[in-house]
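Peer 1: Dropping a structure here in structure tokens format, bear with me for questions.
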Amino acid sequence: MPGMTERTTGTERVKRGLAEMLRGGVIMDVVDAEQAKIAEDAGAVSVMALERVPADIRRDGGVARMSDPALIEGIKAAVTIPVMAKARIGHFAEAQVLESLGVDYIDESEVLTPADEAHHIDKWAFTVPFVCGATNLGEALRRISEGAAMIRSKGEAGTGNIVEAVRHLRSILGDIKAIGQADSAELYGWAKRLQAPVGLVQEIAEAGRLPVPMFCAGGIATPADASLVMQLGAEAVFVGSGIFKSSEPAKMARAIVEAATHYRDPAIVAKVSRGLGEAMRGLEMAAVETKLAERGW
Amino acid sequence: MGEKVGVLALQGDVREHAAALAELGAHPVEVRTPQDLSGVDALILPGGESTTMSLLLGSSGLFDPIAARLAEGMPAFGTCAGMILLATDVLDGRPDQRSFAVLDIAVRRNAFGRQVDSFETGLDVAGVVGGPVDAVFIRAPFVERAGDGVEVLAEVDGHPVLVRQGPLMAAAFHPELSDDLRVHHLFLGGL
């Protein structure tokens with residue numbers, strides 16, 4: 001055997017690779033170590049550390065920022081699964097701090113108050129991978145061109161209402177299908193319309209899917225919600241307020257994990273949906289004052 | 001070839017394994033239920049989160065039938081989380097984490113560190129010709145102890161990362177994430 005093996009870190013494959021490992025799973029928002037343990041016990045594939053769940057950010061208002069490093073360290077110490085954390089859009093210094101803490105994924109997230117109204121973080125400059133939200137294919141491709149290694153449809157966080165997540169997923173996946181039908185000349189038109197690099201559009205035409213995994217976030221509150229978005233084409237789900245704003249978080253978390261795996265089997269989704277107590281109350285879109293999904297450019 | 005090879009499809013990078021198998025002429029079958037399992041000749045345990053898979057193996061009713069098939073000698077190949085699921089000893093796992101305990105190794109979870117330490121490298125593999133294998137390690141485990149009947153096929157800095165024991169094979173890395181199909185070929189060649 002040779003001496004020390006030469007290792008290359010932070011490559012595209014290594015960054016996207018972790019997202020591939022999370023497919024079919026549930027990533028749960030947690031605000032402290034105790035919630036992180038509940039999430040891991042319930043079978044979460046990863047936890048997302050943030051200072052308040054989106055429903056509380058929505059209720060309390062004010063500027064929402066990266067969480068306290070001490071909380072993130074507490075969460076990291078409490079679980080063995082990957083730990084993600086949120087940075088504000090464009091706030092590369094928060095991202096640098098999160099990378100130095102050794103988080104496994106950074107979510108450059110519209111749920112926090114944006115720090116830059118024109119620029120997202122240059123994600124290629126980091127070893128740690130990034131996930132970014134998108135409401136449509138153009139936004140997804142711009143984030144990928146900036147180095148995002150995972151895309152999540154945004155939905156509308158903190159509402160417990162799935163309607164926006166469905167809109168965003170259908171928009172992204174519908175355009176991917178349409179691009180699959182386009183001829184080579186039309187791909188340039190698509191790139192122009194989507195305000196996205198033509199190289200990525202061509203890649204999608206070839207592969208029939210995004211070059212990175214696409215997960216779904218924003219409004220998932222029940223096992224059936226998870227089944228719905230997975231059947232529409234999401235490869236995994238992020239659940240924020242839907243777990244810890246329900247009456248029995250541990251049961252709800254476990255049930256959503258089962259539904260994400262067995263999303264095509266309604267009998268199992270029915271079985272795990274029984275007796276979960278109350279799901280989070282949720283909001284009608286007309287009652288939503290701040291649309292978080294509109295943040296990001 | 002043409003064998004039916006199951007890919008445990010509870011969670012993780014199932015699609016990549018299925019694609020590698022199809023490319024090599026085998027018939028991949030996604031395994032989510034005991035019925036799915038009954039038709040397969042061999043089983044791949046993919047990468048993903050071993051704690052999640054361990055829970056889902058219990059609730060799906062798959063744990064016992066897979067354990068029974070493994071006891072009968074069904075060939076199996078585990079990558080990363082899959083290696084952990086086959087190991088007799090799991091270090092740094094959750095106390096309630098279950099494994100099939102058929103491959104005589106002690107494996108340490110996340111032994112190479114967190115995601116910022118994840119890496120790719122060229123790996124010399126015993127029995128594989130044509131130069132180093134393209135290997136991607138994601139929050140990868142490594143083998144701390146390999147039993148007498150366990151063949152070590154590749155190492156990183158002295159730590160076994162690809163092992164074989166009779167019909168069982170396990171990799172700490174993800175051959176399914178590269179286009180280099182030689183490790184899958186090695187497994188299928190043993191069927």
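Peer 1: Residue A:113 to residue B:4: FRET efficiency via 1/(1 + (r/R0)^6), r the Cβ-Cβ distance, R0 51 Å, to the nearest 0.05?
Peer 2: Computed FRET efficiency for residue A:113 and residue B:4 comes out at 0.45.
Peer 1: How large is ³J(HN,Hα) for each residue in region A:4-21, as worked out from phi by the Karplus curve 6.51 cos²θ - 1.76 cosθ + 1.60 (θ = phi - 60°), to whole Hz, x for Gly and Pro?
Peer 2: Those phi angles translate into 4, 6, 6, 10, 10, 9, x, 6, 3, 5, 5, 5, 5, x, 5, 4, 4, 5 Hz.
Peer 1: At residue A:8 and residue B:67, where each label point lies 7 Å from the Cα along Cα→Cβ, what is the point-to-point distance in nanometres?
Peer 2: Between residue A:8 and residue B:67, the simple spin-label model gives 4.3 nm.
Peer 1: Suppose we take every Cα in the protein assembly as shown and form the convex hull; what volume per residue is that in Å³?
Peer 2: In the protein assembly as shown, the Cα hull volume divided by residue count equals 141 Å³.
Peer 1: Follow-up question, since we're still on this one. Explain nothing, just the number: dipole magnitude of region B:135-191 about its Cα centre with +1 on each Lys and Arg Cβ and -1 on each Asp and Glu Cβ, in debye rounded to the nearest 20.
Peer 2: That gives region B:135-191 a dipole magnitude of about 120 debye.
Peer 1: While we're here: Other chains' Cβ within 10 Å of A:10-19 residues: what's the mean?
Peer 2: Counting other chains' Cβ atoms within 10 Å and averaging over A:10-19 gives 6.
Peer 1: As a test, work out the antiparallel percent of DSSP beta bridges whose residues both lie in region B:4-189, rounded to the nearest 5.
Peer 2: Here the antiparallel bridges make up roughly 50 percent for region B:4-189.
Peer 1: Protein chains only, probe 1.4 Å: how do A:177, A:37, A:123 rank by accessible area, largest first?
Peer 2: Of A:177, A:37, A:123, the descending order of accessible area is A:177, A:37, A:123.
Peer 1: Averaged over its residues, how many other protein chain Cβ atoms are within 10 Å of peptide B:95-105's Cβ atoms?
Peer 2: For this peptide, the per-residue mean of nearby foreign Cβ atoms is 0.
Peer 1: Just checking the output field for B:114-127: average partner chain Cβ neighbours within 10 Å of each residue's Cβ?
Peer 2: Going residue by residue through B:114-127 and averaging, the value is 6.
Peer 1: Could you work out the longest stretch of chain A that avoids the GluC sites (Glu not before Pro) located in DSSP loops with at most 14 other Cβ atoms within 10 Å?
Peer 2: Longest site-free region, per DSSP loop and neighbour criteria: A:118-277.
Peer 1: Can you tell me which of A:129-136, B:88-95, B:75-82 comes out highest on packing, and rank the rest after it, using the mean Cβ neighbours within 10 Å?
Peer 2: With the highest mean Cβ count within 10 Å placed first, the list reads B:75-82, A:129-136, B:88-95.
Peer 1: Under a plain spin-label model, where a point goes 7 Å from the Cα along Cα-to-Cβ, how far apart in nm are residue A:202 and residue B:148?
Peer 2: With each label placed 7 Å out from Cα toward Cβ, I get 6.0 nm.
Peer 1: Let me ask another. May I ask you to compute the full-extension gain from residue A:100 to residue A:287, defined as 0.36 nm times their residue separation minus their alpha-carbon distance, rounded to one decimal in nm?
Peer 2: Gain on stretching residue A:100 to residue A:287: 63.4 nm.
Peer 1: Find how much the distance from residue A:209 to residue A:93 grows on full extension, using 0.36 nm per residue of separation minus their present alpha carbon separation; answer in nm with one decimal.
Peer 2: Difference between extended and current length: 38.6 nm.
Peer 1: Moving on to the next point. Tell me: how much accessible area in total is hidden between A and B, 1.4 Å probe, Å², nearest 100?
Peer 2: 3700
Peer 1: Sticking with this structure for a sec: Which whole-number value in Å² is the accessible area per residue of region B:4-189, probe 1.4 Å?
Peer 2: Counting only protein heavy atoms, the per-residue value for region B:4-189 is 32 Å².
Peer 1: Could you state the number of Å between the C-alpha centres of region A:256-297 and region B:46-77?
Peer 2: 29
Peer 1: Moving on to the next point. Label points 7 Å out from Cα along the Cβ direction at residue B:106 and residue B:157: separation in nm?
Peer 2: Result for the modelled spin labels: 1.9 nm.
Peer 1: Ok, one more. Using a cut-off of 13 Å between beta-carbons, work out the net charge of the residues near residue A:277 (Lys and Arg +1, Asp and Glu -1, residue A:277 not included).
Peer 2: Residues near residue A:277 contribute +3 overall.
Peer 1: Sticking with this structure for a sec: Specify the inter-centroid distance of region B:81-107 and region B:118-158, based on alpha-carbon positions, in whole Å.
Peer 2: Here the answer is 18 Å between Cα centres.
Peer 1: So, one more: How would B:162, A:228 line up by accessible area, probe 1.4 Å, largest first?
Peer 2: If we order B:162, A:228 from most to least accessible, we get A:228, B:162.
Peer 1: Given a Förster distance of 35 angstrom, what is the FRET efficiency for residue A:65 paired with residue A:170, based on the Cβ-Cβ distance and rounded to 0.05?
Peer 2: 0.65
Peer 1: Extension gain residue A:192-residue A:271, at 0.36 nm per residue separation less the Cα-Cα distance, in nm?
Peer 2: So the extension gain works out to 23.7 nm.
Peer 1: Which stretch or stretches of region A:1-39 have amide N atoms under 16 Å from the point lying 7 Å from residue A:125's Cα along the Cα→Cβ direction?
Peer 2: Backbone N within reach: none found.
Peer 1: Toward the positive end of the charge dipole of region B:4-189, about the Cα centre and with charges on Cβ (Lys, Arg +1; Asp, Glu -1), which of B:158, B:178, B:77 goes farthest?
Peer 2: So the residue we want is B:77.
The values are calculated or read from the model by the stated rules, or taken from the named source; none is laboratory data. The structure displayed is predicted, hence computed values, not measured ones. Cβ atoms come from the backbone with ideal geometry, glycine included; neighbour counts cover every protein chain shown. Just the protein is used for accessible areas: all its heavy atoms, side chains included, with ligands, DNA and RNA removed. Shrake-Rupley method; radii C 1.70, N 1.55, O 1.52, S 1.80 Å.
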